[in-house]
Amino acid sequence: MEIEPIRWSGETLLLLDQTRLPAEQVTVEIGRYQDAVEAISLMRVRGAPAIGVTAAYAMALAAGQISANDDSIDKNEFLSQLRQAAEKIALARPTAVNLGWAVRKQMDLAESVESAGQIGARLLLEAQRIHLEDVAINRKMGGHGQELMPDGGAVLTHCNTGALATAGFGTALGVIRAGWESGKRFQVYNTETRPWLQGARLTSWEFQQLGIPSTLLVDSAAGMLLSQGKISCVITGADRIAANGDTANKIGTYTLAVLARENGVPFYVAAPTSTIDARLSSGDEIQIEERPPHEVYQFQGAPTAPPGIEAINPSFDVTPNRYISGIVTEMGVARPPYQESLMSAMETAKG
Ligand code: MRU
């Protein structure tokens, strides 16, 4: 059965609460955009594409709330209230480009709709379209990326980039899945991904659901495996890719990319073209989310360090393009120089 992290009930958004997995499968019901913002900030829904889809629905919920408060509201006043909601949604988490992308797309659509009364319905249809499109894009990415998967050998991945991180199927995990579904057989290693354990909790769970055997390792064991020649390639997702291919992804990705290069192992990224931020010329311009320090010195409320300790908690890092052997998008595998190959992928995607 396919994992569905995000569903629309007809009136509300249903999110599989990713903070409770794998112990419990709990669905949270969201009827107000403010609750969607909270679910994104608290990581109940996470992963760049999943955050984007949630943000698109949050805009539709916001439009519904505005109409419910005043059904005779004029379009300018409607747009001004929607813009205020859009700003709050866009700020829920700063690094994943998909969030701002979805909010801008919905705001542009709202501005183009003739009367205020139609905005809510149009935004909902658009959110549903973005939702379905994401799954289709991920399957396409899997089709292109599976060629990079080895037959024999082993693949290492980081964080969670599967169905849970998207609307379905996944990005890097989707490529691994497509490799398996094409009949290739290889060992899969996945990191724990401190401090939220997206790898241990979510990726291991997804591989179990898919029947793909995977082996979990602590983040700091990856270098040893790479140096022992046990890994044929590394593949991760991305939260934001600058025009030159510099890639922001879960903290620890940069370390893996450098270690892969040191050991002559290809390092791939899988992400839809919507993750490319062509406005940024390099990764230096990517804003990195700094999360609360308690996530480092506590786990689910239990202390993991002495009281009073200081901690830093950058949620993402940037891998310079020179460490990246290829970027899988729904348009194919982009190769260096990325400035050209990513632009061409984006143009083809626009049609
Ligand atoms: O903090 P998270 O769990 O939202 O971080 C997720 C990642 O870094 C993923 O690798 C990225 O969003 C790509 S997911 C398809």
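The values are calculated or read from the model by the stated rules, or taken from the named source; none is laboratory data. This structure is a prediction, so every number in the text was calculated from the model and none was measured. When we count neighbours, we look across all protein chains shown, and the Cβ atoms used for this are built from the backbone with ideal geometry, even at glycine. For accessibility, only protein heavy atoms count, side chains too; no ligands or nucleic acids. Shrake-Rupley method; radii C 1.70, N 1.55, O 1.52, S 1.80 Å.
Check the range 225-245 and report whether any residue there is within 17 Å of the chain's Cα centre (by Cα) and either free of Cβ contacts under 8 Å to residues at least 24 places away in the same chain or open to solvent by 20 Å² or more (accessible area, probe 1.4 Å) (or both).
Yes, because at least one residue in the range 225-245 is within 17 Å of the chain's Cα centre (by Cα) and either free of Cβ contacts under 8 Å to residues at least 24 places away in the same chain or open to solvent by 20 Å² or more (accessible area, probe 1.4 Å) (or both).
Within the set of pairs 6 or more residues apart or between chains, which connect a residue that is outside any helix (DSSP H, G or I) inside the range 121-149 to a residue that is of a type in the set (Val, Ile, Thr) and crowded, with 19+ Cβ neighbours inside 10 Å with Cβ atoms less than 7 Å apart?
Met149/Val155; Met149/Val175; Met149/Ile176
Just to be sure before I move on: is Ala62 open to solvent by less than 10 Å² (accessible area, probe 1.4 Å) and not assigned by TED's automatic domain parsing to the domain that holds Gly162 in the structure I sent? Walk me through it before giving the result.
Working: open to solvent by less than 10 Å² (accessible area, probe 1.4 Å): yes; not assigned by TED's automatic domain parsing to the domain that holds Gly162: yes.
Yes; evaluated as a whole, the condition is true for this residue.
Taking the range 96-118 on its own, how many of its residues are within 16 Å of the ligand (Cβ to nearest atom) and either in a helix (DSSP H, G or I) or at pLDDT 95 or above (or both)? Break it down into steps so the answer makes sense when it comes.
From the range 96-118, those within 16 Å of the ligand (Cβ to nearest atom) are 96-102; that's our starting set.
From the residues that got through so far, the ones that are either in a helix (DSSP H, G or I) or at pLDDT 95 or above (or both) too are 97-102.
Residues flagged as within 16 Å of the ligand (Cβ to nearest atom) and either in a helix (DSSP H, G or I) or at pLDDT 95 or above (or both) within the range 96-118 amount to 6.
Just checking, how many residues over the range 172-185 are open to solvent by 10 Å² or more (accessible area, probe 1.4 Å) and in contact with a helix residue (DSSP H, G or I) (Cβ under 8 Å, 6 or more places away or on another chain)? Quick ask: steps written out before the conclusion?
Initial filter on the range 172-185 (open to solvent by 10 Å² or more (accessible area, probe 1.4 Å)): 177-178, 180-185.
Cutting the leftovers down to in contact with a helix residue (DSSP H, G or I) (Cβ under 8 Å, 6 or more places away or on another chain) gives us 177-178, 180-182, 184.
Total satisfying the criteria: 6.
Go over the candidates Val296, Val318, Val265 one by one and state the one that is crowded, with 21+ Cβ neighbours inside 10 Å and within 16 Å of the ligand (Cβ to nearest atom). Outline the logic, then answer.
Values: Val296 fails: crowded, with 21+ Cβ neighbours inside 10 Å; Val265 fails: within 16 Å of the ligand (Cβ to nearest atom).
Only one candidate qualifies: Val318.
Of the numbered conditions (1) open to solvent by 50 Å² or more (accessible area, probe 1.4 Å); (2) over 17 Å from the mean Cα position of the chain (by Cα); (3) among the polar types (S, T, N, Q); (4) modelled with pLDDT of 95 or more, Ser341 satisfies every one except a single condition; which is it?
Of everything listed in (1) open to solvent by 50 Å² or more (accessible area, probe 1.4 Å); (2) over 17 Å from the mean Cα position of the chain (by Cα); (3) among the polar types (S, T, N, Q); (4) modelled with pLDDT of 95 or more, Ser341 misses just condition (1).
Just give me the residues in the range 43-97 being in contact with a Phe, Trp or Tyr (Cβ under 7 Å, 6 or more places away or on another chain), of a type in the set (Gly, Ala, Ser) and over 30 Å from Arg201 (Cα atoms), in sequence order.
Ala62, Ala85
Taking the criterion of being in a helix (DSSP H, G or I) and away from the ligand (no atom under 15 Å from the Cβ), would at least one residue in the range 49-56 satisfy it?
Scanning the range 49-56, I find at least one residue that is in a helix (DSSP H, G or I) and away from the ligand (no atom under 15 Å from the Cβ), so the answer is yes.
Considering only the range 193-218, state which residues are open to solvent by 10 Å² or more (accessible area, probe 1.4 Å), touching a strand residue (DSSP E or B) at 6+ places or on another chain (Cβ under 9 Å) and assigned to a helix (DSSP H, G or I).
Result: Ala200, Ser204, Gln208.
Suppose we filter Asp151, Asp134 for residues that are within 14 Å of the ligand (Cβ to nearest atom) and either open to solvent by 10 Å² or more (accessible area, probe 1.4 Å) or aromatic (Phe, Trp, Tyr) (or both); which single one remains? Working first, answer last.
Numbers: Asp151 fails: within 14 Å of the ligand (Cβ to nearest atom).
Residue meeting the stated conditions: Asp134.
Residue by residue through the range 211-251, note down the ones that are within 16 Å of the ligand (Cβ to nearest atom) and either modelled with pLDDT under 95 or on the phi > 0 side of the Ramachandran plot (or both).
Gly245
Among the residues of the range 168-192, how many are near the ligand (Cβ under 10 Å from one of its atoms) and either in contact with a strand residue (DSSP E or B) (Cβ under 6 Å, 6 or more places away or on another chain) or part of a helix (DSSP H, G or I) (or both)?
4
For the range 1-41, which positions are β-branched (Val, Ile, Thr) and outside any strand (DSSP E or B)? Break it down into steps so the answer makes sense when it comes.
First pass over the range 1-41, keeping only residues β-branched (Val, Ile, Thr): 3, 6, 12, 19, 26-28, 30, 37, 40.
Of everything in the range 1-41, those that are β-branched (Val, Ile, Thr) and outside any strand (DSSP E or B) turn out to be Ile3, Thr12, Thr19, Val26, Val37, Ile40.
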